[in-house]
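Every read-out reported here was derived from the displayed coordinates using simple, explicitly stated rules and does not represent laboratory data. Source: prediction; values computed, not measured. Heads up, the Cβs are rebuilt from the backbone with ideal geometry, glycines too, and the neighbour counts pull from every protein chain shown.
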Amino acid sequence: MCSPNVHYDHRPRGFSDNPFEATASIATDAYPPRSGGAGPSALDRGDAPYQRTHPTASDDAASGHPYNSSSNSSGGGSSYAFADHRHRSSAPGSHHNHHRHQGHPDFPGRHLTASAVSSSSSTAASASLHHTITHSSSVLSLAVDEQRGLVFSGSQSECIYVWDLATYQRTTRLEGHTGSVLALELAPERNWLFSSSGDNTVRIWDTHSLRPLYVVYPAEDNVGDIFALKWCSELQTLYLGCQNTSIQWICLEGIASSASNGSQAATQPGAATATPAGGLAVRGSAHGGQLRGSDSPKVATPGAFPVSRPHRFFDSVSLSRSRSTNTTAASAAAASGKTARGAGTGGSATPQPPPPPLLRSRISEGHLGNADGDGGGIRAAGPEATGPATRPHAQHPGAATDEVISAASARLSDMSLTVPDALRHPEAAVLDPDSSFKRAVDASAENGAVVETLVVPPACSVPSAHFGYIYTFAILTLEGDHPHRKVLASGSGDEAVKLWHATPEGLVHLATLESPNTDGNAVMALASWKSTLFAGLQGGDVEVWDLETCTLVRTLRAHDDDVLALEACSYDGCLFTASADGRIRRWDRSFRCTDQWKAHDGIILSLASIRQPVPPGQPNRPRPVLQLVTGSSDDLIKIWNLPQRDGGAGRSSEYAVDGGGSRDQTPSAAAVPSAPGSSTLLSSLAQFVRYRSVSSVEENREDCRQAAHFLKACLSGLGAEAKILANLPGRNPLVLATFKANGSQSRSRSLSRSRRPSEQDRGDATAATGVDADAADGRSGPLSSSPPPTKRCLFYGHYDCIDAEGQWDSDPFQMDGRDGYLYGRGVSDNKGPILAAACAASQLLSQRQLDADVVFLIEGEEETGSIGFTEAVRAHKDDIGHIDVILLSNSYWLGEDTPCLTVGLRGVVRATIEVSGDEPDVHSGVEGGAVREPMIDMVKLLSSLSSGAQVTIPGFYDAVRPVTPAEVAQYESIARIKLQAAQPSSASTAEAVAACAQSLMAKWRHPSLSVHHLRVSGPGNSTVIPSKVSATVSLRIVPDQSLSAIESALQRHIDNVFAGLRAGGSANAVHVVVEHRADWWSGSSSPYFTHLERAVRDVWGLSSSSSPDHDGGGGPISIREGGSIPAIAILEKELRAEAVHLPMGQSSDSAHLPNERIRLVNLRRGRDVVARFLCALGQEHPQQPS
């Protein structure tokens, strides 16, 4: 990985060939030496201290470098300066200071510090130093060619060193740049190495021959240092991040990957060279090959990318020079009578003139030659001109795809482009005799050298892409069926990260990620997993962004000094951060610091990784990081061995982070793989269980987020259109996915390409729906027309789970199959039922039997009371759309063998009561009897809430519906089945049936009150009288009790009781906080319930009787649940749709207990029940939303 965010000025002090730097004025104040560090950097070679700078009134004109080392003309050393990172349009005299924040109460997620979390893994193996390589100067950038076993290092001494990983000795020195080498980037498929420099150029090198191939000049002179490079192999495009705040790009498709066979070695000083370690200079070959046809790079259509408003300082220079360039050069060309032939031109989707060509010139023997080597020079623009040679350019659509990133915060809806004269009149776009490019050409020509060049077209640039220097890039890949899936992320000194949709037409701005942190820290480094972007900041923080929702997940307080380099490994689920304090830290996928070490005495400027060799035929397979390569200002390269953690999640080759499915990894967005002999349902569930998505534990917050992204990728692979929905700050996101009915033909074809059901899936699907999958599959023939969807069903579930406490017989987060059951946390509650329902919809879609839309809404906070769920549903009602029926599967059967349908749930009010005194904790042997103890008042208060099973709060039972004889008979019928299942050989007595029926009614039908725990202040030992006592109580409510009425009754009763205690001499105080509430739910005998009941009977082979008989052979039992699911009442109210509830698991599933399980038969048949229900739903007539 290159580290383009560090610059060392190679020019003598007081001299600058960059016009922006002429008026720079920086006031500095010395920084004290760092503790444990080197104080003044080893790079300084002098006594100048490391300095922090503050911008002055001339800040707009300053040349800001994150680490600016200006060489002393006398050779006496250099001084570090922290320059301002932004160009502003603020009034003169304004100042901006960078502060390091220590966390903010309103900050999303947690603000973690390394010291706070590193102790959790103090026993983990640490990295060990493998080898040290002495460098001739500071190591500004690094790149590792794993195929050839080479390390490339960019230096301050204007060259690139090549090191052999087998011997750790230098093999070659690549020369050609005239400034510090700031960034390195590899294009393995082209055998190219890109290097950028402070000399305003990019050079391309052949990694086979280690010879120079091309020099690339930016679109205009004096763009300043080129800090960032990023290669996109899919688009064959190189992106440049420049000091003048522009992003430029050049498409190299069709450009020859290696030197021409007939080229000769250049021997003049001006040519690029490769110098072996022995000191013999091997000059770069001359590249005089002809450029014809597809060899010319593409030129972006001008209308396909945004052109920002010209910057008041930088663009004024560029535009004025551009105008003078066209006039002066055209006159010179007219006088010479020579022609300029381009290396190819761009085209346009409209009849407007094409943009100017890329110039790929062959200069030899002291004159300017054209690309074909015919000795032609510059041709004047005039009536005599026949125009430049052009080649056809592919016509691209004028607008980028609408679906590029699901949660992009902004799009460019109306881009008004100002096309410069050079674009309207490309015949006038000729070389400026005063330009730096022309000077380089002339210098080479004087020495007889042969130089081959590429020039970025003016159209391939976004001027003022940021308001600060652009230090770093990252390439991201969108999930789904986007025609152009690449996104470029750019980080800048303006403290923002911008996302750009990268297409063959250019860049389109998608979103700007601005941190809520107001302290203002420049973005120095970027790295990513698929759905996660990391931004290393000045000051030591690392921000973690969720790219699906464009929200800041959390901020890591990673280092005490600036984070200058990042390396992310998707396979291992880890992140490496490198800092100016000389330290490296390793973070796991839950953002716990698992390793840290002092790597260098100087500033760590660059970071790269050496990974496991690429498996044959699997070039894109994620690979673990074996070694880490670090480069520093102490003139050293160090290679570190990383401990390889054996076993556990994250080591399986089937999975990968941010898109794959282990706890330490995220799955690829492609369909979830199906192992031989296993269905998609089981392989998906095995991956899903690996995520420790415990919503009640803060350190598992990232596991929950990754679980959401896995589920989104899984549903996409099954054929749904899925995305992530943001929740409240600091809360887990939701997943929204829609399986569109088969009326959407294009979507069906996409599914056919993305996932073909396994043989087991297809056989099970036939049994579930009664339709042969091969006969119903329309892939082999033309698409048949289907009626529009008649209904829309929403399936609700939750991907979070409770923690795995107690004694387990197997790893709770590794699914284990034993004796026909699947064991693991969440297999029954609620990951298994979610995937079963998703597979049902996917099977119907693949068979062209899905005649209703199926919307999945899966939350990640159910186990903590569905925090933020109501707000999220209201915010995304338009995305959810009209819903006819809500289906969920989040409860269990009454017993082991008879299927059930849940028709009611109790509600809940959970509150914390606190009694506190004025005095601190005291010793009972000293103060006992002299104080009114809060514990005694609490005991009296709790005893007043109930008497046996009866709740004694006044008015508590006023709204409860009376029990009817029909209800009693129904409960007795259920009781007989329950007793018969427990004792099959004996008949139940009437007394036993009545007692069992009363027990069921107490659990399901009657309200109740429970006291859960008591907490005390102080140490809690037997000799201390606590000054504060708290108790948690819950009240389960039933139809038709009101949540608000019960809350008020509880508060009123506690106040009245405590008033009596205070009248009796208590000086303590009481405080009540309602922490959670969920309304009761009662199902109805609707047509949807009838469809579900019939589906259960058909799949399980039950009789048509709706009432269970004494043999247990009747239809599914209608049962109630004593627990609460807040989302049901919320969804019914907000979406105005009724809900039906299908339990899949048995009563012995042990949800929330050790050894949670689900029977494999139940899981598969539950999937089949959902499939039949959706088939029946599709036969109904549509109902217009109210």
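For region 541-584, pairs of C-alpha atoms spaced more than 17 angstrom apart make up 40 percent of the total.
From the Kirkwood radius over Cα pairs of region 943-1067, Stokes-Einstein at 37 °C and 0.692 mPa s returns a whole-number translational diffusion coefficient of 183 µm²/s. Under the rule a/c < 1.5 gives rounded, and otherwise a/b versus b/c splits prolate from oblate, where does region 1024-1076 land using the Cα gyration tensor? Since a/c reaches 1.5 but b/c is at least a/b, the shape of region 1024-1076 is classed as oblate. With a cut-off of at most 12 other beta carbons within 10 Å, and DSSP calling the residue loop, which GluC sites (Glu not before Pro) in region 787-895 qualify? Please list them. Sites meeting the loop and neighbour criteria: GLU805. Convex hull volume of the C-alpha atoms in region 904-989, normalised per residue: 224 Å³.
Summing Lys and Arg as +1 and Asp and Glu as -1 over all other residues whose Cβ lies under 10 Å from the Cβ of ASN191 gives a net charge of -1. For region 949-1039, the residue among ILE974, TRP1004, LEU1035 whose Cα projects farthest onto the positive side of the dipole built from Cβ charges is LEU1035. How much net charge surrounds SER233 when only other residues with a Cβ under 13 Å from its Cβ are counted (Lys, Arg +1; Asp, Glu -1)? Residues close to SER233 contribute a combined charge of 0.
Mind checking which lysines have their C-alpha under 29 Å from LYS831, skipping anything on the same chain fewer than 8 residues away? LYS831 reaches LYS530, LYS712, LYS723, LYS740, LYS791, LYS877, LYS978, LYS1003, LYS1133. Taking a ≥ b ≥ c as the square roots of the eigenvalues of the alpha-carbon gyration tensor, region 512-608 is classed oblate because a/c is 1.5 or more while a/b is no larger than b/c. In region 189-243, what GluC sites (Glu not before Pro) fall in a loop by DSSP, with at most 15 other Cβ atoms inside 10 Å? Answer in residue order: GLU234. The local environment of GLU1138, defined by Cβ-Cβ distances under 15 Å, has a net charge of -2 under the rule Lys, Arg +1 and Asp, Glu -1.
Which shape class applies to region 784-902: rounded if a/c is under 1.5, otherwise prolate when a/b exceeds b/c and oblate if not, where a ≥ b ≥ c are the square roots of the Cα gyration tensor eigenvalues? Oblate is the answer for region 784-902, as a/c is 1.5 or above yet b/c matches or exceeds a/b.
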